[in-house]
Amino acid sequence: MRKYTFFLLLCFYLEALGQDTLWVNANTLEIEGKGFSNTENDYDRLPATAKGLVRDPVWELGQHSAGILVRFYTNALQFYIRWELTSTMLAMPHMPATGVSGVDVYVLNNKKEYLFLGTGIPKNVKNLAVFNTNTQQNHLSSYLLYLPLYNGTKLLEIGVPMGYVIQKDTIFHAVVHKPILFYGTSILQGACASRAGMAYPSILGRKLGVHIINLGFSGNAKLEPEMQELISEVEAAVYVIDCHHNTTKDETQTRTEPAIRKIRAKRPYAPIVLIEGSNPKRDFPTEEGLITQEIVKKLKKEGFKNLYYIKGNGLLGQDTEATVDLVHHSDLGMQRQAEFLYPIFKKILRKIKQ
């Protein structure tokens with residue numbers, strides 16, 4: 001009887017919500033984190049032309065919405081998020097549903113810092129979450145809505161009570177106009193953050209005040225020629241390659257230099273940053289790291305500018321507490337890696353602005 005009563009109350013609540021709420025399709029707002037506009041679905045990360053060009057696992061992972069966010073304004077004291085996922089796999093054994101399939105909301109405070117407001121917890125393929133803003137009446141505030149890291153987003157809507165407004169955030173100005181493009185492994189995609197906004201590229205994006213593109217492909221960051229071409233097509237401020245966990249020694253040796261040359265040929269002045277894989281189980285420098293260092297030295301001798309190599313031994317701190325399985329990052333690991341990289345990228349961006 002109690003379950004039946006609860007079900008009826010829920011139905012009445014949802015019906016009232018639908019009648020008294022202005023719903024806006026998020027694709028009419030400011031979508032960030034996409035390197036390509038010609039995608040099959042609104043929140044895919046690879047262009048439609050990549051289908052059949054890249055390997056099947058890469059294409060499938062490209063339909064995950066990692067790193068994609070919606071930036072919007074509202075003066076509502078409460079708003080609602082409806083999102084529909086593409087997969088019924090809401091969680092993984094080592095990563096919670098809030099990270100795999102949930103959404104995160106951040107709000108801009110008066111110090112111009114984005115603070116975590118709350119998480120939309122997925123219960124099924126179709127989901128609804130309510131967020132209370134704690135802002136002043138009729139005060140327009142800026143929000144970031146991060147999409148799922150390891151699931152696709154089929155539909156995304158934001159609702160506000162009738163009488164309130166929701167609109168594009170047209171005031172935010174990034175430190176640099178172009179985004180930072182990150183290409184890499186499952187860790188870069190977001191494993192195993194507990195929330196959608198906690199992948200290390202997203203943390204860096206907030207800290208630096210920049211747009212980011214997350215091209216993380218779990219277990220499949222092989223730096224193939226097809227991906228090299230796609231990466232170089234994106235007009236980015238900085239290109240980051242972080243794929244040592246996925247590339248073999250031979251792949252590192254044969255694909256790193258062509259990838260750098262491909263990007264440099266199309267983007268003559270953009271900084272290129274290569275990061276050694278972070279792993280508390282491995283000694284540093286790693287074999288892949290040594291190979292990459294030699295490639296970087298060689299290219300610098302040829303006259304390549306704005307080419308950076310970051311060693312992996314400081315990314316996660318000096319203990320073994322930053323992962324869930326001695327490989328994939330916990331929130332602590334994501335935070336540590338972002339904080340380690342922050343001053344390096346801040347310095348790189350300062351040079352771009354000059």
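For a footprinting-style exposure proxy, rank Leu147, Leu204, Leu115 by other Cβ within 10 Å, fewest first. Please list the in-between numbers first.
Numbers: Leu147 27, Leu204 22, Leu115 10.
If I rank by nearby Cβ atoms, fewest first, I get Leu115, Leu204, Leu147.
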*Which order, highest average first, do 45-53, 214-222 follow once you tally other Cβ atoms within 10 Å for each residue and take the mean per peptide?*
214-222, 45-53
*If you project the alpha carbons of the range 20-168 onto the principal axes, what extent comes out on each, in Å, largest first?*
51, 33, 33
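With the Cα gyration tensor of the range 157-251 giving a ≥ b ≥ c as the square roots of its eigenvalues, does the rule (a/c under 1.5 for rounded; else a/b larger than b/c for prolate; else oblate) give rounded, prolate or oblate? Write out the running numbers ahead of the final one.
Working: a/c = 2.54, a/b = 1.84, b/c = 1.38.
Here the range 157-251 falls in the prolate category.
Nearest 500 deg cm²/dmol is fine: what mean residue ellipticity at 222 nm does the chain get from its DSSP H runs of n ≥ 4 alone, each adding -39,500 (n - 2.57), divided by its residue count? Walk me through the numbers on the way to the answer.
On the way: 9 runs with 106 residues, N = 354.
Here the helix-only value at 222 nm equals -9000 deg cm²/dmol.
For the range 266-331, which trypsin sites (Lys or Arg not before Pro) are both in a DSSP coil and crowded by at most 16 other Cβ atoms within 10 Å? Mind showing how you got there, number by number?
Numbers: sites: Lys266, Lys281, Arg282, Lys297, Lys298, Lys300, Lys301, Lys305, Lys311; in loops: Lys281, Arg282, Lys305, Lys311.
Qualifying residues, ordered by number: Lys281, Lys305, Lys311.
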*asked:* Which entries of Lys34/Lys266; Lys178/Lys222; Lys51/Lys123; Lys281/Lys301; Lys207/Lys298; Lys126/Lys168 have Cα-Cα distances beyond 21 Å here?
replied: Lys178/Lys222; Lys51/Lys123; Lys281/Lys301; Lys207/Lys298; Lys126/Lys168
*Under 1.5 on a/c is rounded, so check that first for the range 94-177, then, if it is not, pick prolate when a/b is larger than b/c and oblate when it is not; a ≥ b ≥ c are the square roots of the alpha carbon gyration tensor eigenvalues.*
prolate
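Going by average Cβ density within 10 Å per residue, which order do the peptides 79-86, 171-178, 21-28 take, highest to lowest? Could the numbers behind the result be given before it?
Values: 79-86: 20.9, 171-178: 14.1, 21-28: 16.2.
Result, highest mean Cβ count within 10 Å first: 79-86, 21-28, 171-178.
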*The list (1) 71, 48, 34; (2) 71, 45, 43; (3) 98, 69, 45 gives values of Cα extents along the principal axes in Å, and only one came from this structure; which label was calculated from it?*
(2)
*Sorting Phe182, Phe36, Phe345 on the 10 Å Cβ count, fewest up front, what's the list?*
Phe36, Phe345, Phe182
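Do any trypsin sites (Lys or Arg not before Pro) in the range 108-217 lie in a loop, going by DSSP, with at most 11 other beta-carbon atoms within 10 Å of their beta carbon, and if so which? Display every interim value, and only then the final one.
Working: sites: Lys111, Lys112, Lys123, Lys126, Lys154, Lys168, Arg195, Arg206, Lys207; in loops: Lys111, Lys112, Lys123, Arg195.
Taking the range 108-217 and a limit of 11 other Cβ atoms within 10 Å, the loop trypsin sites (Lys or Arg not before Pro) found are Lys111, Lys112.
Where a number appears in this text, it was derived from the coordinates with a stated rule and is not lab data. Because the structure is predicted, anything quoted here is derived from the model rather than measured. Please note: Cβ atoms are built from the backbone with ideal geometry, for glycine as well, and neighbour counts cover all protein chains shown.
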